[in-house]
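The values are calculated or read from the model by the stated rules, or taken from the named source; none is laboratory data. Nothing here was measured: the structure is a model prediction, and the numbers come from that model. Backbone-built Cβ (ideal geometry, glycine too); neighbour counts: all protein chains shown.
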């Protein structure tokens, strides 16, 4: 029962690489051009181990930045900003009805 409660209280929300690219294009207010997702990594090296007597050479990798880069050709995760923004339908203004 605890596992079910954990899933309800902490739902998993995940996005594909393409979905993240679309979100960034929208949030960046880009209206034309092709864009790909860029993920910048930071690597650290050093002695790693469970105790100071059992250290081994090791590396740690972390994500330091996520962004967009312009592209000149379509790929599997490339987003066309023009198609993405044209897919949104403009809102119609409500006409005031006088009685």
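The residue of the stretch 49-99 that is modelled with the highest pLDDT, among those that are in a loop (DSSP other than H, G, I, E, B) and touching a helix residue (DSSP H, G or I) at 6+ places or on another chain (Cβ under 9 Å), is 78.
Screening the stretch 19-42 for residues that are assigned to a helix (DSSP H, G or I) and touching a residue at least 24 places away in the same chain (Cβ under 8 Å) and picking the one that is farthest from residue 81 (Cα to Cα) gives 20.
Going by the structure shown, is residue 25 surrounded by 10 or more Cβ atoms within 10 Å (Cβ to Cβ), modelled with pLDDT under 95 and in contact with a strand residue (DSSP E or B) (Cβ under 7 Å, 6 or more places away or on another chain)?
Working: surrounded by 10 or more Cβ atoms within 10 Å (Cβ to Cβ): yes; modelled with pLDDT under 95: no; in contact with a strand residue (DSSP E or B) (Cβ under 7 Å, 6 or more places away or on another chain): yes.
No, not satisfied.
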